[in-house]
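Down below is the structure, laid out as C-alpha cells.
Nothing in this text is a laboratory measurement; each read-out follows from the coordinates by a stated rule. Note that the coordinates shown come from a computational prediction; the quantities given were computed from them, not determined experimentally. FYI the Cβ positions are ideal-geometry reconstructions off the backbone, even for glycines, and counts take in every protein chain you see.
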Amino acid sequence: MSSKIEQLIDEIEEFIDSCKFQPLSSTKIIVNKEEIDELLRELRMRTPEEIKRYQKIISNKEAILEDAKNKAEALINEATVHTNQLINEHEIMQQAYAQANEVVTLATRQAQEILDTATIEANNVRTAAMQYMDDMLAHLENIIVSSTNSAINNYENLVSNMNHYKDIIQSNRNELHPVEELVEEYVEEGSYSEEDA
C-alpha cells in the first residue's frame, strides 16, 4: 500500500478518535459528514495508478479481445495469401496444399492462444484489483472498529474514575459532619462558655 494511502487512513483514524459521543451514549459518535466525505474523496483520488490501470484493462476487455481477434485474422489472412501463392505454382501443388493446411492450423492455434491469454489476463487483473480493494476496505474497517472500541474504553474509564472521585468526596464530607455534631452537643451541654474562649 502506498504511503499516501497509509497517511490518509491515519487521518481518518484520527478524525474518528476526535469525534464526540452522542449525548447519553457511550457507543455512538457524532461525525461531521462533510469532513468524512472529504477524507473518503481523497482516499478515492489517491487510489494507486496500478489499480486504475487494472480497472482500465477490465473496462477495455472487449477491446483486448477484439485486438486479439484482429491479430488472429491477420495471421489467417497471411496464411491464406501464402497458401494461394503455393497453390499457384503447379509443380509443387501437393506440397502447397500440405504446407497451407499446416500454416492455417498453426495460425488458428496461435489465434486461439492469443484469445485465451487475453481472456485469462483480463480475468486475473480483475480478480487482483477486486482483492486489493477488498483488502483495503477490510483494513479500513478494522481501524474504525478499533478506534470505536478504544473510544468506548476511554469513556468507560472516565466514568469509573469520576465515580471513584465522587465516592472519595462523599466520604470526606461524611467525616466532617460528626465533628460539627460533637461541637453542637458540647455547646448545648454548657461545657463551653465564652470565658473558655
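Any residue in region 149-162 that is closer than 17 Å to residue 23 by Cα sitting within a Cβ distance under 7 Å of a residue that is surrounded by 11 or more Cβ atoms within 10 Å (Cβ to Cβ) and not hydrophobic (A, V, I, L, M, F, W, C)? List the pairs, counting only those 6 or more apart or interchain. Qualifying pairs under 7 Å: 151/17; 152/26; 152/27; 155/26; 156/26.
One line per residue, one yes/no per condition, for (1) part of a helix (DSSP H, G or I); (2) more than 35 Å from the chain's Cα centre (by Cα); (3) under 30 Å from residue 26 (Cβ atoms):
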| site | (1), (2), (3) |
| --- | --- |
| 86 | yes, yes, no |
| 123 | yes, no, no |
| 127 | yes, no, no |
| 135 | yes, no, no |
| 142 | yes, no, yes |
| 151 | yes, no, yes |
| 176 | yes, yes, no |
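Here are some residues: 79, 118. Which one is over 40 Å from the mean Cα position of the chain (by Cα), of a type outside the set (Asp, Glu) and surrounded by 12 or more Cβ atoms within 10 Å (Cβ to Cβ)? Quick ask: steps written out before the conclusion?
Working: 118 fails: over 40 Å from the mean Cα position of the chain (by Cα).
Going through 79, 118 in turn, just one is over 40 Å from the mean Cα position of the chain (by Cα), of a type outside the set (Asp, Glu) and surrounded by 12 or more Cβ atoms within 10 Å (Cβ to Cβ): 79.
Determine whether region 138-149 contains at least one residue that is out of contact with any Leu (no Cβ under 9 Å at 6 or more places or on another chain), buried (at least 16 other Cβ atoms within 10 Å of the Cβ) and under 30 Å from residue 44 (Cβ atoms). Yes - at least one qualifying residue is present in region 138-149.
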